[in-house]
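Peer 1: Quick one: structure below, then a few questions.
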Amino acid sequence: MQPCQENSRSFFEKLQNAKGLDLRDNRGKKHDLAVVLVGVTIALLANRDGCLSSIHRHLANHYEQLVAALGVEKKRPVSRSQLPLILEKVTASVFDDLIFAHFACRLDEKERRWFALDGKELRGSIETGSRRGEALVQAVGHENGQTIAQNYYCGKKGSEVKTVRQLLRDSELLSQKISLDALHCKPNTLLMLAAGKGKYLVGLKANQKELLRQALKTIEVQAILWKQSSIEKGHGRFEQRSYEFYDILEMDKAERWWECQMKTLIKVRRAREELKSGKKSLETSYYVTNETGNYEELAEAVRRHWQVETSNHLRDVTLKEDALRSKKRI
């Protein structure tokens, strides 16, 4: 075995000696930053870059092998709550350059974040006697509600489904995590995301009658993988949500769905009670995803998909967009 050249030190050693990488003060150095960042990097390379909880699980599960391979003292692995506090004190540009030098990949600020895609008809553009006008499709970040991409199409001639697919391609979102309503539960759309190594969460309704029937049949004999419930009070009502997760990887389905990599079905029940009237309602909805595990994150993604609708409401109420009358194409 040939000896290593002087300038061929390991990634771990370069992390230890990198200048300006660690911005923590002396009170914040309980954990060896180089060990933490090696664990994070391995998790990123193992496609755990979509969720900090997933990164931490990977780091904790492989901690003993990691410290043994690095030849460092074994301590308690960093906690889930401490991990983001440590990462906040890392100079991202220095870490990015080190990762690129060793693994030829770059950190992306938007990497593996959740975005909701949906369409909205601009009612002010509908001419008298017509049923359709101009329509907008936008991609909204789950975390901050910011619109990062949008496109328009003519409702008389165009299609929201095709426009969403084009927006996914043009905005380089195919490798991200995308939530969609049931209109977009179509093989070609889901296949695009699966092929791009992205994650999707899409509503499943009667527009895909056979797929919904097969999913409901499958979960009748399935044990629940995980469940969660929550109660919220706001907007003049109580709302209780419950989430149940089922494995549908081996579910029988039509050939056109085979390459879409469906893995999990989510059953969501929403029970609402109006505080003033006492009126009660119960709604059950279903979602499919090519993600497995990360159940808390998926439940949160279901809840946050409404941000697109919130954005649309702001356009209508605050900007009076629906009241705008225009005969010209935007």
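The values are calculated or read from the model by the stated rules, or taken from the named source; none is laboratory data. Since the model is a prediction, treat every value here as computed from it, not as a measurement. Backbone-built Cβ (ideal geometry, glycine too); neighbour counts: all protein chains shown. Calculation scope for accessible area: heavy atoms of the full protein, side chains included, ligands and nucleic acids excluded. Shrake-Rupley method; radii C 1.70, N 1.55, O 1.52, S 1.80 Å.
Peer 1: One quarter of the convex hull surface, Cα atoms only: what value does that give for segment 157-256 in nm²?
Peer 2: Answer in nm², one decimal: 9.3.
Peer 1: Moving on to the next point. Based on the Cβ-Cβ distance from S277 to R80, what FRET efficiency comes out when R0 is 45 Å, to the nearest 0.05? List each step's numbers first, then the result.
Peer 2: Working: r = 42 Å, r/R0 = 0.94.
For R0 = 45 Å, the calculated efficiency reads 0.60.
Peer 1: Report D for segment 202-311 in µm² per second (integer): Stokes-Einstein, Kirkwood Rh on Cα pairs, 25 °C, 0.890 mPa s.
Peer 2: Details: Rh = 15.2 Å.
Translational D for this selection: 162 µm²/s.
Peer 1: Rounded to the nearest 0.05, what FRET efficiency do N17 and Q150 have when you use their Cβ-Cβ distance and R0 = 51 Å?
Peer 2: On the way: r = 45 Å, r/R0 = 0.88.
It comes to 0.70.
Peer 1: Can you pull the one-decimal nm distance between simple spin-label points at V221 and W258, each 7 Å off the Cα toward Cβ?
Peer 2: Between V221 and W258, the simple spin-label model gives 2.2 nm.
Peer 1: Here's another thing I want to ask about it. Using Cα-Cα distances under 8 Å and only pairs 6 or more residues apart, what relative contact order does segment 178-274 have, in percent?
Peer 2: On the way: 138 pairs, mean separation 24.7, N = 97.
Rounded, it is 25 percent for segment 178-274.
Peer 1: Next up: I need the calculated FRET efficiency for the pair L70 and D25, taking r as the beta carbon distance and R₀ as 35 Å, to the nearest 0.05. Before the final figure, lay out the partial values.
Peer 2: Numbers: r = 25 Å, r/R0 = 0.70.
That pair, L70 with D25, gives E of 0.90.
Peer 1: Heavy atoms only, 1.4 Å probe, whole protein assembly: order L83, L45, L52 by accessible area, highest first. Don't skip to the end; give the middle numbers.
Peer 2: Values: L83 0, L45 90, L52 55 Å².
From most exposed to least exposed: L45, L52, L83.
Peer 1: Want the number for V94 to A46: 0.36 nm per residue separation, take away the alpha-carbon distance, what's left? Show your work: numbers first, answer last.
Peer 2: Numbers: separation 48, 0.36 × 48 = 17.28 nm, distance 2.12 nm.
Stretched out fully, the V94 to A46 stretch lengthens by 15.2 nm.
Peer 1: As a test question: what accessible area, to the nearest 10 Å², does W257 have when a 1.4 Å probe is rolled over all protein chains in place?
Peer 2: 10 Å²
Peer 1: Using only the heavy atoms of the protein chains and a 1.4 Å probe, how would R57, R76 rank by accessible area, largest first? Each step should come with its number before you reach the end.
Peer 2: On the way: R57 105, R76 200 Å².
Solvent-accessible surface, decreasing: R76, R57.
Peer 1: How much of L85 can a 1.4 Å solvent probe reach, expressed as accessible area in Å² and rounded to 10?
Peer 2: Ignoring ligands and nucleic acids, L85 comes out at about 90 Å².
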